[in-house]
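Right, one structure below, let's go through it.
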């Protein structure tokens, strides 16, 4: 039988689990973190690059534009875009699968994550720091042919300062 104290603890535990991932992901640079936090609303749970990389059964969705995706993307990621996102692009994905959406730093991916949640996807996460942090931590990228690459599209000169790993070549 549940007593009041047990019920209270159960509610706290449930609340803690529902808040998990909301603002606890980190990036290496405090300035980069400040920039990300100024742009996203945390309307979609965030996941750190380290935690995402450790997951085994996950589908990555790229919320950038074709010219960015074609330069490089996370291995196995599916292009869904931002400006022309459509439900048709995700109709073949199981609504119960863990989905991690990313873009350059996390703004566009959060917006696409919101749309995915409205479409009934149950486990949607925004990759905190997105492809820039993925590359900053040295994780691999692939090009439009699926081959490993050290190039990364940095959106524009202003945003390129957040891509700091010298092993990657910045492309505009």
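The values are calculated or read from the model by the stated rules, or taken from the named source; none is laboratory data. The structure displayed is predicted, hence computed values, not measured ones. We place every Cβ from the backbone using ideal geometry, glycine too, and count neighbours over all the protein chains shown.
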Checklist entry - Among the numbered criteria (1) surrounded by fewer than 21 Cβ atoms within 10 Å (Cβ to Cβ); (2) part of a helix (DSSP H, G or I), which single criterion is violated by residue 36? => result (1)
Checklist entry - In the stretch 71-80, what residues are touching a residue at least 24 places away in the same chain (Cβ under 8 Å) and surrounded by 16 or more Cβ atoms within 10 Å (Cβ to Cβ)? => result 71, 72, 73, 74, 77, 80
Checklist entry - If only one of 111, 97, 122 is under 16 Å from the mean Cα position of the chain (by Cα), in contact (Cβ under 8 Å) with a residue 40 or more places away in the chain and farther than 24 Å from residue 158 by Cβ, which one is it? => result 97
Checklist entry - In the stretch 42-53, is there at least one residue being at pLDDT below 95 and touching a strand residue (DSSP E or B) at 6+ places or on another chain (Cβ under 7 Å)? => result no
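Determine whether residue 160 is touching a strand residue (DSSP E or B) at 6+ places or on another chain (Cβ under 9 Å) and either closer than 26 Å to residue 56 by Cβ or at pLDDT below 95 (or both).
On the way: touching a strand residue (DSSP E or B) at 6+ places or on another chain (Cβ under 9 Å): yes; either closer than 26 Å to residue 56 by Cβ or at pLDDT below 95 (or both): no.
The answer is no for residue 160.
Go through the stretch 75-91 and report how many residues are within 21 Å of residue 122 (Cβ to Cβ), touching a strand residue (DSSP E or B) at 6+ places or on another chain (Cβ under 9 Å) and assigned to a loop (DSSP other than H, G, I, E, B). Even if it seems obvious, please write down each step before you answer.
In the first step, residues of the stretch 75-91 are kept if they are within 21 Å of residue 122 (Cβ to Cβ); the result is 76-78, 80, 85-91.
When the remaining residues are screened for being touching a strand residue (DSSP E or B) at 6+ places or on another chain (Cβ under 9 Å), the result is 76-78, 80, 89-90.
This time we only want the ones that are assigned to a loop (DSSP other than H, G, I, E, B), so: 76-77, 80.
Going through the stretch 75-91 one residue at a time, the tally reaches 3.
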Checklist entry - Where in the stretch 101-172 are there helices (runs of 4 or more DSSP H), lying wholly inside it, with at least 3 residues that are crowded, with 17+ Cβ neighbours inside 10 Å? => result 107-118, 130-136
Checklist outcome for this item: Across (1) over 25 Å from residue 26 (Cβ atoms); (2) touching a strand residue (DSSP E or B) at 6+ places or on another chain (Cβ under 9 Å); (3) part of a helix (DSSP H, G or I); (4) without any contact (Cβ under 8 Å) to a residue 60 or more places away in the chain, residue 67 clears everything bar (4)
Checklist outcome for this item: Filtering the stretch 54-64 down to residues that are under 19 Å from residue 120 (Cα atoms) and not in a loop (DSSP other than H, G, I, E, B) yields 58, 59, 60, 61, 62
